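The values are calculated or read from the model by the stated rules, or taken from the named source; none is laboratory data. Nothing here was measured: the structure is a model prediction, and the numbers come from that model. A quick note on method: Cβ atoms are made from the backbone with ideal geometry, for glycine too, and the neighbour counts reach across all protein chains shown. Side chains included, ligands, DNA and RNA excluded: accessible areas come from the protein's heavy atoms. Shrake-Rupley method; radii C 1.70, N 1.55, O 1.52, S 1.80 Å.
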Amino acid sequence: MTNDIRSCRTWQEVHDLARPGVSLGGWQTHGDNYAMYQGALELLPADRALIVGAYAGAQAILLKMVRHEMDVWVIDPFTNDTEWKSNGRHLVDLYYDQLRIAGLEGKINTIQESSQSVGPTWDKSLRWLLIDGSHLEQDAYLDLHNFAPHVIVGGLMFLDDMNSTSQVPAAYKRWYQEEAATERTWDILKKHD
């Protein structure tokens, strides 16, 4: 097996490459990562992905390992990272360290602002959307409201913590009830139901 990040195509290659210094863990389970890997296999090199909420960059790293040429964007303000200190390091430092170790420094577009401030002006189409930002109902709802309309028909949309005590399920239900009546949103949902 080679450690050339561009050649990673099997789950085992991605998993093995991540082990030495790059964590695909975070709060994601092995099953979560595998589901994202399977979804990434459907993407084309010219596709664009947006990840709202970076944690330590695991999802962005995984996408780039599978689709190196892909245009990956991450939005995270890293404002609450003091509670995530690890060995005296802030989460934002861990994020950039992970990108550097993975050989992806400068290859992932990172917007260090809140998704609520970026969302209203976002104008790029998406083939992949992962919402894993604030788990408060209003914030998660605004992420759906602002970014889901940019997912192209046939694109993939992931929501984190749908089976938890977070407020994300309530945000999704509200978004679905208020906005799923539009034909555009229905086309997106139809592809993934």
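General observations
- Amide H contacts of L129: L50, L156, M157, F158, each under 5 Å away and 5 or more positions distant or on a separate chain (H built 1.01 Å from N in the peptide plane; Pro and chain starts excluded).
- Near the amide H of I111, within less than 5 Å, lie the amide hydrogens of V74, I75, D76, all on another chain or at least 5 residues away, with H placed in the peptide plane.
- Solvent-accessible surface of the range 31-79, averaged per residue with a 1.4 angstrom probe and all protein chains in place: 29 square angstrom.
- Modelled spin labels at Y34 and L136, positioned 7 Å past Cα toward Cβ, are 3.6 nm from each other.
- Taken along the Cα-to-beta-carbon direction at a fixed 7 Å, the label points for L44 and T79 span 3.8 nm.
- Taking Cβ atoms as reference points and 10 Å as the exclusive limit, the residues near K124 contribute a net charge of -1, counting Lys and Arg as +1 and Asp and Glu as -1.
- Near the amide H of H90, within less than 5 Å, lie no amide hydrogens of residues on another chain or at least 5 residues away, with H placed in the peptide plane.
- FRET efficiency for the W11 to V153 pair, using the beta carbon distance and R₀ = 35 Å, is estimated at 0.80.
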